[in-house]
Structures are given as structure tokens and as C-alpha cells.
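Down below is the structure, laid out as C-alpha cells.
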Amino acid sequence: MKWRNWIGKASPGELDEEMRFHIEQHAARLMRQGLREEDAMRQARVEFGSVAGYREECREAKGLMFLDGVRADLQFAVRVLRRQPGLSATAILFLAVAVGANTAFFGFVNTYGFRLLPVRGAERHFDVVAVNGRNDRIFGFDERQVDALSRQASQVADLYTVERLTMPLVDERVRRAAVEVVSPNFFPLLGGVPNPEGAVLSHAGWQRLFGGDPGIVGKRIRLGVSFIEVAGVAAEKFTGVEAVIPDIWLPQSLRKLGVESGREAQMRVGGVWKEGVSADQAQAVLTASAVALSEALPADERMTAVEVQQRSVISRGDEMNAVAVGLVAFPFLLLLVVACANLASLHLAGASARQKELAIRMAIGASRPRLVRQLMTESMLLALIGAVAASVLAVASLRTLEAFVFQLMTRLGMNVTPVEADWRMIGVSILLAMVSAVLFGLAPSLEATEDARGRGGSLMARGTRPSRMRRGLLVAQTAGSLILLVLAGVLVENANRFDLMDAGFRTEGFIESGYEGKELAAYAKSVERVSGVGVVSGVGRVPLRGIMHRQMATVDGRRWRVFFNYTDERYLEAAGIGLVEGRGFTVAEARNQLPVAVVSQATARRLWPGRAAVGQMLELEENKQLFEVIGVARDVVSSFFFIGLDPTMVYLPAAVGSAEIGNLLVRIDGRDSRVVAELQKACLGAVKDSYCEPARITDIAGMQRLPVRIASQVALALGVVSMVLSCVGLYGVVAFVVERRRKEAGIRLALGAPRWRVMAAMAGASLRSVVLGVGLGLPACYVAAKMGESLAEYLKFSDTGVFVGAPMLLLGVALIAAILPARRAAGVDAAEVLREE
Amino acid sequence: MNPTPVLPGTLELLILKAVSLSKEHGYGILLRIEQISGGALAIEQGALYPALHRLEHEGLLAGEWGVSENNRRARFYALTTAGKKRLKEDTAGWQRLVEVMNAALRATGEDLA
């Protein structure tokens with residue numbers, strides 16, 4: 001009853017009508033008593049009392065005063081914004097960009113950290129991880145262990161298994177397909193559909209590998225040497241439980257069909273605990289199975305615990321992730337802070353221009369909190385509009401950003417769970433905008449009303465003293481922009497460094513065969529027959545794909561950790577790695593894996609300083625043998641560019657066909673793409689058990705550089721946007737100062753001051769703040785750089801070029817932004833200004 | 001005799017009593033109060049309305065728009081069940097207060113023993 005009253009009769013019009021009726025009735029009565037109409041009306045009004053006063057009392061009685069105030073504030077705020085379209089539009093733009101960038105970033109974090117897994121029972125989903133005696137975490141289990149776990153857990157949870165493989169998909173080409181072999185309850189449990197009899201394609205895999213062929217269901221596809229029928233295509237939403245979406249799901253029963261992997265299945269185990277069961281119960285039950293899991297394991301590998309790690313989202317929520325996300329979020333939030341500082345400056349200037357209006361309102365009785373509420377309403381309104389614009393911007397650019405950030409994955413043929421926009425993103429947008437509104441609105445509002453109160457006595461006075469707050473804001477936004485620019489500069493610097501870095505060997509025309517099966521020797525023979533192929537060599541690990549293996553070596557009683565790689569006798573020649581001393585391997589040495597080694601220059605310098613390395617002996621612990629050094633090769637980059645030239649490298653002999661040689665590296669003389677196609681055909685013909693995807697070493701090197709390049713581009717975008725924001729803000733502040741101090745400028749000019757001095761007077765305070773901002777920002781950057789260096793050994797953080805260039809750039813652009821409006825001051829017609837009064 | 005001003009807090013009780021006799025609009029309630037008090041109480045006319053709306057907000061009166069005797073649109077108020085209850089309670093309370101006050105004001109020196 002109360003609610004209806006409150007909502008229903010909030011209109012002031014009806015209240016007036018009620019009271020008017022009363023007055024008229026009373027006047028009628030007075031007229032019946034003999035008064036004339038005007039006298040009756042007048043007396044009725046007098047006897048009634050103040051309509052306006054009673055109206056307010058009524059609304060107060062209904063608790064509507066507050067609502068009235070808010071509505072009035074909103075209407076006024078809209079009028080104010082429309083009166084200053086330039087200012088409002090600028091503010092909305094700043095907010096849209098800064099909040100939009102943060103919202104887009106959050107979109108990524110949301111998809112991998114907050115959105116529920118697209119499977120049934122996501123809230124009750126968990127991973128099973130075991131811990132053994134050595135405190136290693138075990139993620140993979142064999143069949144026997146999975147059986148033990150399932151039996152143990154059957155009362156409290158349903159367990160499923162996933163085994164990830166890559167298999168060759170053979171049609172006109174041979175391509176790598178990412179396959180997950182899953183237990184029979186995978187689809188019923190997580191997807192709510194009966195267990196399919198055949199391969200299930202993911203939506204992404206269906207698009208990528210089969211071009212979205214509408215007739216794919218029922219067709220037989222060749223994986224490896226088996227033909228498997230496609231039972232269906234999963235819904236686009238169903239992407240499994242990981243960030244990377246597999247191309248194909250295979251039932252366990254089909255796994256045995258001719259896939260050569262040579263090792264026992266290593267399955268990841270996950271589960272959904274049954275409704276009504278708590279996480280702790282599930283945990284307790286599974287831990288009891290630890291002993292059963294440990295049969296047939298050596299003592300130190302026995303399981304001591306089985307953990308139930310709840311996971312309802314894609315990310316595996318460990319601390320590293322949180323820290324990494326925080327680090328990346330920092331520049332985005334800094335951009336928002338810079339935008340807020342700018343907005344606060346603009347807001348301050350705007351409120352300052354309304355001094356007279358504020359002073360009058362205070363003089364007729366408005367309280368300071370009331371005025372502050374009014375000004376804050378304006379900020380909130382701006383923020384709300386900005387939030388809407390930001391959301392639109394962020395959502396619209398999501399696909400583009402996604403494509404940009406995940407370039408590397410796409411090139412590697414991986415399907416990544418797409419970033420989706422949802423209500424959380426909009427919510428974050430609004431939240432950030434509101435917080436910004438408080439940040440950029442409150443302080444200036446307080447300051448402006450403070451000024452107005454102080455000026456209560458002299459309405460005509462204008463605020464011309466440089467406000468401490470205004471200067472403080474300029475300092476803050478300059479420092480923030482500088483930090484972002486320096487960050488961008490450092491990342492760009494590093495990206496360039498990697499680009500220029502020479503691997504030390506000839507990377508063009510060097511192809512990796514991309515074959516990972518057991519018939520390498522057969523493949524090598526067919527490769528040699530392909531025209532355009534120069535040297536064919538075998539290698540253990542392909543350079544630049546990852547980090548090389550290391551083992552302990554002993555030389556003259558001292559132990560060293562050294563990188564090593566198995567190569568055949570032709571590798572050094574194929575790669576174009578020159579020898580500075582001694583010789584390479586002979587065919588016999590490679591075939592028989594004799595205990596000889598070729599070391600890199602750096603290794604020789606380190607292990608045998610001041611002596612010739614050739615002829616020396618080194619003992620390798622893993623090989624449990626003494627090797628004789630027969631040659632010294634030039635230093636190259638075999639692992640990652642950011643590590644640089646190999647600190648150590650020992651080449652050990654092995655031949656194609658042995659277990660140690662897993663890849664072919666081919667030097668070609670013919671045209672790249674034609675020969676690569678020929679290589680693929682040769683593969684199809686020769687081998688049956690794996691995919692062949694030849695890759696250019698130059699491409700592999702390029703992929704290493706990509707992440708840093710992407711990061712540098714994002715940082716550069718943030719830095720440039722921040723700089724532009726700051727300078728537009730600076731322009732606005734100086735323009736405002738010039739406007740306020742026109743009279744002063746006129747007088748100075750009239751007294752004969754040179755134009756440049758007048759300009760300096762106008763822009764001086766602001767520029768001094770900018771310089772101070774740079775002065776404060778630089779040391780902060782320096783400290784951060786030192787911290788960064790200790791964290792990431794291989795990235796260079798303190799490049800003088802960046803630390804000198806970034807401030808110069810910022811100061812230069814700021815100077816221009818300040819001079820442009822200041823010039824107007826110098827162009828003031830003194831006589832005209834003095835006439836204005 | 002000059003009309004006595006209404007004690008603060010009693011206006012609402014009078015309104016409840018007036019409305020209890022029949023549904024009325026604001027002006028009618030004023031006239032009713034004049035009637036039942038025999039013209040001896042002076043009421044500030046406009047003050048009626050905040051009191052009416054307060055009572056409505058508390059759920060003791062139910063207001064709705066209707067048509068007056070002379071075909072004008074007017075807001076009529078009626079007593080709700082809660083209002084009836086409150087009228088009864090407050091009337092009893094008032095009687096009690098009057099008795100206590102009367103007793104107190106009749107006290108002589110002898111009563112202070």
C-alpha cells in the first residue's frame with residue numbers, strides 16, 4: 001500500500017490541483033457570505049497560507065524531496081553540458097578511449113578468468129592432480145591409475161579423461177590436427193549428449209580444417225593411417241575445458257587404430273562432483289586413492305596426495321597468472337588515471353568559469369554540499385555517457401584486438417577460445433566510469449565551491465591565481481604520460497633489438513621438415529630426391545623453436561651446466577655455421593655415435609680459457625662418457641633471441657635413423673614455396689605415421705619475435721594516446737588561462753611588454769608544471785627499470801635513447817600545445833580589452 | 001470566543017476522526033473539523049495537506065481522485081483498516097492523557113505529603 005502511494009503520486013501538478021481546489025471552494029464560501037470575487041479569492045489565499053511552502057512540506061512528508069533534488073540536478077546538468085559542447089565532447093571522448101581500453105583489456109581477462117567453462121556442471125568442475133614423494137605435481141595418469149581413481153571416486157564424482165595428441169590429417173595435404181582422445185562419459189557428462197560413435201569436430205576445427213563443409217557429418221576422414229567417420233560437429237559454444245580448442249575429439253575406442261605414439265597413454269583427469277557433495281568431501285575421497293595409484297611405482301615416485309583442484313573457468317588460477325595480469329593491467333589503469341587528471345583539469349576550468357553563478361547560488365542560501373552534489377551530478381552524467389561510448393568502442397573492437405593479440409596462435413594453427421563480450425564487461429565499464437567521475441569530479445567541485453564561498457562578498461572577482469590543484473593535476477598527467485611513453489620506448493627498443501639480432505647462421509633457405517615420426521630415414525631418402533634440395537641434415541632439436549636441453553659437464557674437476565644438441569655430420573654445413581678450429585663429424589662418427597664433440601667458441605673460452613679446446617676431454621654426466629673435442633664452431637643463437645648467442649653449446653654426433661635425431665633440416669637452393677610443396681608431397685609418399693608440415697626457419701625465428709612486437713605495439717598505442725590526451729588537456733588549460741587573463745595581457749601589451757613575454761606569462765605556470773611532471777616521472781621510470789632488469793634477465797630496460805628521447809618528445813609536444821593558445825594572448829588588442837569593463 | 005489553536009500532534013487525530021465519519025476531500029475535512037469542534041478550533045488551512053499526505057504515506061488513509069458535489073475533480077480520503085485502529089488507539093491515549101492532566105492540575109498542597 002505504501003509503495004503504491006509513493007510511486008504513484010509523485011507529481012507536483014496533482015498536489016497543486018488539490019490545493020487550488022481547496023482555495024477555490026473556500027473563496028466560493030466567502031462569496032456566499034457576501035464578499036466580491038477578487039476579495040474572496042484574496043482572503044482565501046491568505047487564509048490558506050503559502051502554497052509553495054506547503055507543497056514542499058507535502059513532498060517532504062512523502063520523502064520525495066530527495067528525488068526532486070536529483071531530478072533538478074539532472075536537468076540542470078544536461079543544460080550545463082549542452083552549454084559547453086566542446087568541453088563535454090572532449091570529456092566524453094577521453095572517457096570513451098581510456099575506459100574503453102580498460103574494458104577491452106578486461107574482456108580478455110574475463111574470458112579466461114571469469115566466464116564459466118562452457119560445459120554442464122561447470123560450477124562443480126575440477127582437475128585431479130597428484131603429488132608424489134618428491135613433491136612433483138603429476139598431471140598425467142595411465143589407464144590403471146585412472147581405473148583406480150574412478151572406482152574410488154564413483155560415490156562422489158564423475159571422472160573423465162582427456163589425452164592430447166597431434167595427428168596428421170591427410171587429404172590433398174598433410175596437416176597437423178590437434179586431437180583430444182576422451183573417455184566415453186566426456187560428452188554425456190560435459191555436453192549432455194549421448195556418447196558419439198566416431199570423431200567429433202569442434203566448430204573451430206571444422207572451419208579451419210574442413211572449411212565449414214556442411215556435408216562433413218558421415219564422411220570418413222583419414223587421421224594417420226586410419227579412416228574415421230565424423231559423427232558430428234560440436235556446437236560453437238562447446239569448446240572443451242581448455243583455452244586452446246582441439247580440432248577433433250576422438251573416443252578412446254578409436255585411439256588404438258594405428259596411431260603410433262609408442263608410449264603409454266598419459267591422460268589428464270578431470271571431473272564434476274555430484275550435486276550435494278562438497279569440494280572437501282570429494283577431496284577426502286580422492287586422497288584415499290593415493291595409495292592405490294602408487295602400485296608399481298618406485299618409492300620416491302609414490303603418490304602422497306591427490307588434489308581436487310576446483311576449476312570453473314579456463315584459467316588455472318595460480319599466483320603467476322594473477323601477478324602477470326596485474327602487471328599488464330597497470331599501464332591500462334595508468335592511462336585511465338592520466339585521462340582522469342585531464343578531465344579534472346578541464347572540470348576545474350569549467351567550474352572556475354562559473355564562479356559567478358556558484359557565488360550567487362550560495363548567496364541566496366544553497367549549501368556547499370548541495371552545490372557539490374550538483375557539480376558531481378554533472379560529472380556522473382558525463383561519466384555515464386562516456387561509459388556507454390566506451391562499451392560500444394570496446395565491444396566493436398574486440399574481434400580486431402583478438403586477431404591482433406593472437407596472431408602467433410593463428411599462425412601456429414591453434415584455435416584459441418574467442419573473447420566474448422558479456423554483461424561483466426559493461427559492468428566494469430560503468431564501474432570504472434563512475435570511479436573516474438568521483439576522481440575527476442570531487443576535488444575540483446570542492447575547490448570551486450570553496451572559491452565561490454570565499455568570493456561571496458565580491459561577485460565580480462574572477463579566479464585568476466594559478467590553482468594549486470590545477471598545477472598538481474598537470475604534474476600528475478605529465479608524469480603518467482611519461483611513464484607510459486618510456487614503457488613503450490623500452491618495449492619497442494627490445495622488439496627492434498630482436499628483429500635485428502642475427503641468429504649467427506644462415507636462416508634463409510633453411511627448412512625444417514616438420515616430421516615427427518619414426519620413419520625419418522625413409523623420409524630423408526625421399527627428400528634428397530626432391531629437386532632444389534641442397535643439403536639434408538639431421539638434428540636433435542630444431543634451433544630457434546625453444547630452449548635447448550642442458551646437462552652437467554665436468555672438465556678438469558669443475559662442473560658446468562652446458563647446452564647440447566645432437567647433429568649429424570652435415571648439420572654445420574647445412575646451417576652455415578663455420579668452424580674456427582678443428583673439424584666437424586665424419587659419417588662414421590655420426591653413425592656410430594662415437595664419443596667426440598664439437599663445441600662453440602663461447603664454450604671453449606669458458607671451459608678452457610687461454611688454451612686450445614681441440615683435443616681436450618669433457619665428461620658429460622647424462623651420457624656417462626668422456627668426449628674428445630674435435631672442433632670449435634662459431635657462436636650462434638640456438639634457443640631464444642632474448643637469451644642471445646648460446647652461452648654454451650656442445651654438438652654431439654648421431655645419424656638420421658637413430659633415436660637422438662628427431663628432425664630433418666634441409667638447405668634448399670630452389671625457389672622457396674615450390675620446394676616446400678615438393679617436400680610435403682615427398683612426405684606423403686614416404687611415411688605413414690605422422691604429419692609433415694615443413695616450416696621455414698625464418699618463420700620460426702619470426703614467431704619468437706612476435707610476442708614482444710605485439711606487446712610493444714600495445715604499449716606504444718597506450719603511450720601515444722596518453723601523450724595526446726595530456727597535450728589536449730594542456731591546450732585546454734592554457735586556453736582557459738588566456739581567456740581569464742585577457743585584461744592582464746592587454747595591459748601588459750599596452751605598457752610595452754614584448755609579445756613573447758606576455759605569452760610566457762600566460763603559459764609559464766602550466767609549462768613549469770609539465771617540466772616538474774617530467775622531473776618526477778623520470779626517476780620513477782628509472783627505479784622501475786632497475787626492478788624490471790632484475791626480474792627479466794634478458795630484456796634491456798635502461799636504454800639511454802629512450803630515457804632521453806621520451807621526455808624530449810613529451811616536452812616538445814607540450815610546448816606546442818601551450819604555445820598555440822598563448823599566441824592568442826599576444827594577439828590581444830590592448831585598447832579593446834581595456835574598454836571592456 | 002476566539003478559536004483555540006490546535007495543539008501540535010492533535011491535527012492528525014482530528015483528521016482521522018473527521019474522515020472516519022465519511023469519505024471526504026481536503027476542504028470537506030476542514031469543514032467537518034469545524035463542525036465537530038463547534039468552530040472552537042483554529043486550523044491553519046494549508047497545514048492540512050502535509051498532514052493528509054503524511055497519513056496517506058503511513059497507510060492510515062487511502063486517497064483517490066473523484067468528482068466533488070459541484071463536478072470538480074478532487075482528491076478524496078478514506079480511512080483504512082490501519083487508520084481505524086490508529087484512531088481507536090490514539091483516542092484512548094488522548095482520554096488517558098486528559099484524565100492524568102486533569103488530576104495533576106487539580107492537585108493541592110495537601111496531595112504533596
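Bear in mind that the values in this text are calculations on the coordinates, not laboratory data. In this text the structure is predicted, and so the values were computed from the model without any measurement. FYI the Cβ positions are ideal-geometry reconstructions off the backbone, even for glycines, and counts take in every protein chain you see.
Go through A:237/A:274; A:518/A:681; A:237/A:518; A:624/A:681 and tell me which ones have a Cα-Cα distance over 29 Å in this structure. Beyond 29 Å between Cα atoms: A:237/A:518; A:624/A:681.
Summing Cβ point charges (Lys, Arg +1; Asp, Glu -1) relative to the Cα centre of chain A gives a dipole of roughly 3160 debye. With the charge dipole of chain A set up from +1 on Lys and Arg Cβ and -1 on Asp and Glu Cβ about the Cα centre, the Cα lying farthest toward the positive end among the listed residues A:279, A:397, A:204 is that of A:397. Using C-alpha pairs under 8 Å with a sequence gap of at least 6, the mean separation divided by the residue count of chain A gives a relative contact order of 15 percent.
Straight-line reach from residue B:84: which aspartates and glutamates have Cα under 16 Å away, leaving out those fewer than 8 places along the same chain? Excluding near neighbours in sequence, the set is B:12, B:24, B:56, B:58.
Were the residues from residue A:547 through residue A:588 laid out at 0.36 nm apart, the gain over their Cα-Cα distance would be 11.9 nm.
Between A:328, A:182, A:577, the Cα set farthest toward the positive side of the dipole of the protein assembly as shown (charges on each charged residue's Cβ, about the Cα centre) is that of A:328.
Give me the aspartates and glutamates in straight-line cross-link reach of residue A:743: C-alpha distance below 16 Å, same-chain residues under 8 apart excluded. Of all the aspartates and glutamates, those that pass the test against residue A:743 - Cα under 16 Å, at least 8 places apart if same chain - are A:829, A:832, A:836, A:837. Of the trypsin sites (Lys or Arg not before Pro) found in segment A:104-203, those that fall in a DSSP loop while having at most 12 other beta-carbon atoms within 10 Å are A:134. Here the spin labels are modelled as points 7 Å beyond Cα on the Cα-Cβ line, and at residue A:820 and residue A:397 they lie 2.1 nm apart.
Starting from segment A:709-779, pick out the trypsin sites (Lys or Arg not before Pro) whose DSSP state is loop and whose Cβ has at most 11 other Cβ atoms within 10 Å.
Hits after loop and neighbour filter: nothing returned.
With angles folded into 0 to 90 degrees, how steeply does helix B:26-36 sit against the dominant principal axis of chain B? Use alpha carbons for both and round to 10. Result, in degrees: 40. Against chain B, whose longest principal axis is taken from its Cα atoms, helix B:48-57 shows a tilt of about 80°.
In nm, what is the difference between 0.36 nm times the number of residues separating residue A:37 and residue A:450 and their Cα-Cα distance?
Contour length minus Cα-Cα distance gives 143.5 nm.
Using R0 = 51 Å, the C-beta based FRET efficiency linking residue A:420 and residue A:304 works out to 0.80.
Helical runs (DSSP H, four residues minimum) scored at -39500 (n - 2.57) apiece and divided by the length of chain A put the mean residue ellipticity at 222 nm at -18000 deg cm²/dmol.
Each of A:203, B:25 was scored by other Cβ atoms within 10 Å of its Cβ. Arranged with the fewest first, they read A:203, B:25. Set the Förster distance to 30 Å, then compute FRET efficiency between residue A:275 and residue A:134 from the Cβ-Cβ distance, nearest 0.05. So the FRET efficiency works out to roughly 0.25.
Taken as entire DSSP H runs, the helices of chain A that both span 20 Å or more between Cα atoms along their own long axis and average 1.0 or more on the Kyte-Doolittle scale are A:85-113, A:319-353, A:368-405, A:697-740, A:800-826. Among the residues of A:41-47, the average count of other protein chain beta-carbon atoms within 10 Å of the residue beta-carbon is 1. Packing, as the average of other Cβ atoms within 10 Å across residues, places the peptides B:104-111, A:80-87 in the order A:80-87, B:104-111, highest first. So if R0 is 35 Å, what FRET efficiency would residue A:116 and residue A:213 give, r being the distance between their Cβ atoms, rounded to the nearest 0.05? So the FRET efficiency works out to roughly 0.70.
Which aspartates and glutamates, on any chain, are close to residue B:23 with Cα under 12 Å apart, when same-chain ones fewer than 8 places away are left out? Residue B:23 reaches B:64. Among A:426, A:697, the order by Cβ neighbours within 10 angstrom, fewest to most, reads A:426, A:697. Using a cutoff of 8 angstrom between alpha carbon atoms and counting only pairs six or more residues apart, the relative contact order for chain B works out to 28 percent.
The residue list A:504, A:484, A:494 was ranked by how far each Cα lies along the charge dipole of segment A:481-530 toward its positive end, using unit charges on Cβ atoms, and A:504 comes out on top. Ordered by the count of other Cβ atoms within 10 Å of each Cβ, fewest first, A:708, A:99, B:67 give B:67, A:708, A:99.
Placing a label point 7 Å from the Cα of residue A:47 along the Cα-to-Cβ direction, the residues of segment B:36-73 whose backbone N falls under 18 Å of that point are B:36-49.
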